[in-house]
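Visitor: I have a structure I would like to understand better, so I am pasting it below and will then ask my questions one at a time.
We did not get these values from a lab; they are worked out from the coordinates using the rules stated. Bear in mind the structure is a predicted one, so any value in this text is a computation, not a measurement. Using ideal geometry, Cβ is built from the backbone for each residue, glycine included, and neighbour counts are taken over all protein chains shown.
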Amino acid sequence: MQIKGMARKELLRSWAEDIMAIVRNPLTYNASRYTFLEKILVKLKMQLNAEGKIPVRNIFQMFPADRKRVEAALSACHLPKGKNDAINPEDFPETVYKTFLMNLCPRPEIDEIFTSHHLKAKPYMTKEHLAKFINKKQRDSRLNDILFPPAKPEQVQSLIEKYEPSGINIQRGQLSPEGMVWFLCGPENNVIALDKLVLYQDMTQPLSHYFINSSHNTYLTAGQFSGISSPEMYRQTLLAGCRCVELDCWKGRPPDEEPIITHGFTMTTEILFKDAIEAIAESAFKTSLYPVILSFENHVDSKELVRRSQGYVRYCSQLHRYNKRQMSRIYPKGTRMDSSNYMPQMFWNVGCQMVALNFQTMDVPMQQNMALFEFNGQCGYLLKHEFMRRPDKQFDPFSVDRIDVVVASTLSILSGQFLSDRSVKTYVEVELFGLPRDTKRKYRTKLTSTANSINPVWKEEAFVFEKRLGTQRNVPSAETNGMPDSAGKFSAPLSNGPAGAAAFAKDENVIEVTQIAEPQTASLAELQQIKVFLRLLKKQEKELRELERKGSKRREELLQKYSVLFSESVCYGGKKRNTRKTQKKRSLKTGDGGTCANPVDVAESIDSRVLELRERLEMDLIQLGEEHHDGIRRKKEQHATEVRKCQQKL
């Protein structure tokens, strides 16, 4: 049955919404290790050969780091191991798959945890022992026992039933070492507090009480000086959860002078203002239903911009009722021509709401930003800490005095699993981005003694951080021939992590909005070079303004010239006025053959002359516009060369 018209459109919209809901669901890509391993089994059973069997080569592709270990694990499960062999799906159920994983990736570090919390003479953990382990090791000690009561033995039976592979052990209420492995890989022990990923904060407070996911020069796909602009960047940025986008508006090309978006006085390309607004309108509320803030840098006549913008204002009108206090917006300094980002944490520390970053650059600052705004349903708004909102609370991020949210945080890196597709030596680096007075910010484990990216173990002393405000970044890394290679990155706000063992899965009225460029620290020599650079930019800006002024003057002169020609054509029937007083008057005598001009012929002559002048004017305006923009382009190319030479000295 063919679907037509509105029904087809509605079906496509429904499909798009469902796919978007799956893609944007934070619980999907923050799932536990247990879930990711289950997905591998599902994928293997979906990719059958023509005989309906699982090709062994597909298993090699899923676990490519060490083929010999994969072959040994298959043999331990009495399964074929040749690359041209295949396995019946019935011979590879979940229980056999788990046995295969335990042989491929044994967990001796979890065996040690298990041994220290069960009866020494018994190879299992009772319900009582498991409850004690959960309450003492896995539970946050700061929780209120009444609001969050500790686990009881009868309650942990459901966990045993979920993770214990032995049916007999389940009946007896016992957990084996293998059951402990799957329990610690489950969502109950995820490194991220899953309840913080969904919308959970109070969203009715004044706008100034929130950190707002913000973008700088949103339209650019690459560098700040010669990058390509695209309206697609507004779609991608908004779909990524951004709630504040930037539009740099300039007058467009003649004769229509349609407003454009571009980075002024640079070599970046331009896009139409209306295309940017349409992209915003299409994507503004796909990821988040909360207000979108449009940050305008306006170089267009305000009346013209308002006329062009009419009809789109409704997308940010919801903000007015929130605007009770002053706000600030931070953006990258002008010398970041490569679209690199500054570290945002220092500005969040002082309560800046809109800390705008270059979304096109996936550097460490952008990873921090993504980690912070992944929480609270990815709505783009995060409620600031209470002491940043209450007028009776004082906070100085540069003070050595302790604040009321300081907690000592201990982190032990036990092991890693499936860190790389290659068999390499590995290490883990942990970095804390917090307050300036934090004593220890960065730790790194030793490099493993042997090449092992399937199940490396690090037995080292715990890392101790003074946990205040901040983001924790863990980077499992591989090293081949002495060269570091990041095998996976994970960043998260410190307040959203669990206690105990956890598994990391890879993979009033607003008066004004103050906008501040990021501060910079430099030596005297660097400051002198920067001063030279800024003087160069100022000179270039002056030259471009002079070209604009000359272009406008030539256009006005051309229009004035044709205005006179049009007037003469209409007033004198296309003939030039004769002002010579010496000209003799011709006398008409009776019988003379002189005749008067036909009015119809005169009108046709005027129309023809006016049409000719209009065509000439259009041609001259187009030629003048092309000459003007060519001059601007040549001047910008000259400026680009000057800037590159100056930057090489910085």
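Visitor: Compute the FRET efficiency between residue 338 and residue 633 as 1/(1 + (r/R0)^6), taking r as their Cβ-Cβ distance and R0 = 25 Å, and round to the nearest 0.05.
Guide: Values: r = 22 Å, r/R0 = 0.90.
The computed FRET efficiency comes out at 0.65.
Visitor: Take the Cβ-Cβ distance between residue 645 and residue 548 as r, set R0 to 30 Å, and report the resulting FRET efficiency rounded to the nearest 0.05.
Guide: Once rounded, the FRET efficiency stands at 0.75.
Visitor: Okay, moving on. Return the distance in nm (one decimal) between the two label points of a simple spin-label model at residue 560 and residue 392, each offset 7 Å from Cα along Cα→Cβ.
Guide: 7.0
Visitor: Could you please rank 330, 87, placing first whichever residue has the fewest other Cβ atoms within 10 Å of its Cβ?
Guide: On the way: 330 24, 87 21.
Fewest-to-most ranking of 330, 87: 87, 330.
Visitor: Whose amide H sits under 5 Å from the amide H of residue 87, counting only residues 5 or more places off or on another chain, with H placed in the peptide plane?
Guide: 54, 56
Visitor: Right, next: Taking R0 as 41 Å, what's the FRET efficiency between residue 202 and residue 111 from their Cβ-Cβ distance, rounded to 0.05? Intermediate values should be presented prior to the final figure.
Guide: Working: r = 44 Å, r/R0 = 1.08.
That gives a FRET efficiency of 0.40.
Visitor: Sticking with this structure for a sec: Once you sort the root eigenvalues of the Cα gyration tensor of the range 76-211 as a ≥ b ≥ c, which label holds: rounded (a/c under 1.5), prolate (a/b larger than b/c) or oblate (the other case)?
Guide: The shape class here is oblate.
Visitor: If each of residue 626 and residue 147 carries a label point 7 Å out from its Cα toward its Cβ, how far apart are those two points in nm?
Guide: Modelled inter-label distance: 7.2 nm.
Visitor: Okay, moving on. Note the full-extension length gain between residue 168 and residue 462 as 0.36 nm times their separation in residues minus their Cα-Cα distance, in nm to one decimal. Before the final figure, lay out each step's value.
Guide: Working: separation 294, 0.36 × 294 = 105.84 nm, distance 3.72 nm.
This chain segment gains 102.1 nm when fully extended.
Visitor: At 0.36 nm per residue, minus the direct Cα-Cα distance, what do residue 195 and residue 51 gain on full extension? Give it in nm, one decimal, please.
Guide: 47.5 nm
Visitor: Of 127/446; 39/152; 39/83; 9/43; 98/446; 43/81, which pairs sit farther than 25 Å apart, going by alpha carbon to alpha carbon? Don't skip to the end; give the middle numbers.
Guide: Working: 127/446 37 Å; 39/152 32 Å; 39/83 22 Å; 9/43 32 Å; 98/446 30 Å; 43/81 19 Å.
Correct reply: 127/446; 39/152; 9/43; 98/446.
Visitor: In the range 228-267, whose amide N lies under 12 Å from the spot 7 Å out along Cα-to-Cβ of residue 20? List them in ranges.
Guide: From the range 228-267, the list is 235-236, 238-241.
Visitor: OK, next. Pick out, in residue order, every one of the trypsin sites (Lys or Arg not before Pro) in the range 114-187 that is DSSP loop and has at most 11 other C-beta atoms within 10 Å; say none if there are none. Present the calculation step by step, with values, prior to reporting the outcome.
Guide: On the way: sites: 120, 127, 132, 136, 137, 139, 142, 162, 172; in loops: 120, 139, 142.
Answer in residue order: 120, 142.
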